[in-house]
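A short worksheet on the structure shown next.
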Amino acid sequence: MNQLHRKDGHLFVEEVSLEELARQYGTPLYVYSQAALGEAYARYEQALLGLPHLTCYAVKANSSLALLQYFAKLGAGFDIVSGGELARVLAAGGRADMVVFSGVGKTAEEMRMALEVGIRCFNVESESELQRLDRVAGEMGKKAPVSFRVNPDVDPKTHPYISTGLKENKFGVPISQAPALYRRASEMAHIEIKGVDCHIGSQLIDLSPIADALDRVLGLVDTLSRDGIRLKHVDIGGGVGIRYQDETPPDMSAYRGILHGRFKGRSEEIIVEPGRSLVGEAGVLLTRVEYIKAGEGKNFVIVDAAMNDLMRPALYDAFHEIVPVSETKAEPLACDVVGPVCETGDFIGLGRQLAVEEGSLLAVLSAGAYGMSMSSNYNSRPRVAEVLVNKKEIHLIRERETLQGLMAGERLVY
């Protein structure tokens, strides 16, 4: 994150001290830079400049209302995967007609909600879903705008849990079956064909899978056009990867070249659905060292953040850089950074070298994506607070949950 920097040995986000934020709001604490969010969005807008397009933020990456509100203010659309995410977008001021609805398991209730508010498009992922959507739209006296999410069987060269474009993945319909499904959809009374969608995976560092998938999808678009089915948009799915450890994120000028080389002169609008690359590097998780425990085989730095606050390391064995917020004279310690949850998988980082003491404040970097949105109350731990920084301004955008709040919806039997 360009907005994270040191001043006299202390970390700042934009013009605000992370130590001061921890004093005001406690830890663990998620902190986001508004400038970093805006810069990330601008990179996509620049890459797509000159082409008809819509940048739809993937809400699942971080669904906090204030972040959705900021992206709506910038002119973004939204990619959603649930009725709950649609409700959040609308509550944050997002426009329904700039929402695309993805996901393999849309319920009839979610379909009705989306049709009622008038979303831009459903990304349909199976023939069964198409039939249900036609039936629901018919019951409402509406036409459902649809794209088929096609599976091009392209290896994104990323973690298998976030790979979505291979034939063994649950997402989309095989691209070979798509022409028949489009013909079937064109005959349905309550379906309006709008486009095609393709999403091969997340955290893409190599651009060649994107180029390969686009070539296959545009081949389908041209085949459909010859059959009399003309598509208005091509949804190219998620954005590019970010730096967590030693990755080199793709050059956005090269990304621009791929898109312009394939879409220049074409009439279809491009829809892109970045999530991680808009919010990931804009956020840090602050956590405080509770104990330093010397074990026989290794040392443990036990912090107040846990796997319920940041699931990615336990779920994906994901790496997040961890740095002291304030430089100390302590000797670097070889250690695992772990949380208080009663699971061996509760770790923030393994095999680290950190100069820390009990009470030290640590910053877990690139934590803005799939951090807060995947957090839970495991071990009856309240979810943490969130803060958005804009230059010198500090906005508390989510209050820390309370123990009373965790139990508010429960009832005793006896």
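The values are calculated or read from the model by the stated rules, or taken from the named source; none is laboratory data. Just so you know, these numbers come straight off a predicted model, no measurement behind them. Please note: Cβ atoms are built from the backbone with ideal geometry, for glycine as well, and neighbour counts cover all protein chains shown.
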Residue pairs qualifying under the 6 Å Cβ cut-off, at least six apart or on distinct chains, with the first in the range 37-52 being farther than 16 Å from residue 238 by Cβ and the second being outside any helix (DSSP H, G or I), are 51/270; 52/269
Pairs, first among the basic types (Lys, Arg) in the range 293-314, second assigned to a loop (DSSP other than H, G, I, E, B), C-beta under 8 Å, six or more apart
312/318; 312/320; 312/370; 312/371
Name the residues in the range 192-209 that are among the hydroxyl-bearing types (Ser, Thr, Tyr) and crowded, with 22+ Cβ neighbours inside 10 Å, would you?
202
Checking residue 246 against (1) under 19 Å from the mean Cα position of the chain (by Cα); (2) at pLDDT below 95; (3) of a type outside the set (Lys, Arg): exactly one of these is not met. Which one?
(1)
Among the listed residues 358, 331, 343, 321, identify the single one that is touching a residue at least 40 places away in the same chain (Cβ under 8 Å), farther than 29 Å from residue 65 by Cβ, surrounded by fewer than 20 Cβ atoms within 10 Å (Cβ to Cβ) and among the charged types (D, E, K, R).
358
Identity of the residue in the range 113-153, farther than 22 Å from residue 274 by Cβ and polar (S, T, N, Q), that ends up farthest from the chain's Cα centre (by Cα):
131
If I filter the range 382-392 for residues that are assigned to a loop (DSSP other than H, G, I, E, B), touching a residue at least 24 places away in the same chain (Cβ under 8 Å), surrounded by fewer than 21 Cβ atoms within 10 Å (Cβ to Cβ) and in contact with a strand residue (DSSP E or B) (Cβ under 7 Å, 6 or more places away or on another chain), do I get at least one hit?
yes
Mind listing whichever residues of the range 270-288 are closer than 30 Å to residue 217 by Cβ and outside any loop (DSSP other than H, G, I, E, B)?
270, 271, 272, 276, 277, 278, 279, 280, 281, 282
Consider residue 110 carefully, then state whether it is under 23 Å from the mean Cα position of the chain (by Cα), surrounded by 15 or more Cβ atoms within 10 Å (Cβ to Cβ), outside any strand (DSSP E or B) and modelled with pLDDT of 95 or more.
yes
Looking at the range 1-41 only, could you name the residues that are assigned to a helix (DSSP H, G or I), within 20 Å of residue 361 (Cβ to Cβ) and acidic (Asp, Glu)?
19, 20
I need the full set of residues from the range 155-187 which are modelled with pLDDT of 85 or more and touching a Lys or Arg at 6+ places or on another chain (Cβ under 9 Å), in order please.
173, 174, 175
Tell me yes or no: at least one residue of the range 69-79 is part of a helix (DSSP H, G or I), closer than 24 Å to residue 193 by Cα and without any contact (Cβ under 8 Å) to a residue 60 or more places away in the chain.
no
If you check 123, 62, which single one turns out to be within 23 Å of residue 374 (Cβ to Cβ), out of contact with any Leu (no Cβ under 7 Å at 6 or more places or on another chain) and not assigned by TED's automatic domain parsing to the domain that holds residue 256?
62
Please verify whether the range 174-197 includes one or more residues that are part of a loop (DSSP other than H, G, I, E, B) and either on the phi > 0 side of the Ramachandran plot or within 21 Å of the chain's Cα centre (by Cα) (or both).
no
Out of 350, 362, 388, 396, which single residue is more than 17 Å from residue 22 (Cβ to Cβ) and either of a type in the set (Asp, Glu) or at pLDDT 95 or above (or both)?
350
Residue within the range 42-54 that is closer than 23 Å to residue 375 by Cβ and in a helix (DSSP H, G or I) present
no
Pick from the range 278-335 the residues that are among the hydroxyl-bearing types (Ser, Thr, Tyr) and at pLDDT below 95: which of them is farthest from residue 237 (Cα to Cα)?
328
What pairs come up if the first residue lies in the range 177-195 and is under 21 Å from residue 271 (Cα atoms), the second is modelled with pLDDT of 95 or more and basic (Lys, Arg), and their beta carbons are under 7 Å apart, counting only those six or more places apart or on different chains?
191/143; 192/143; 194/232; 195/232
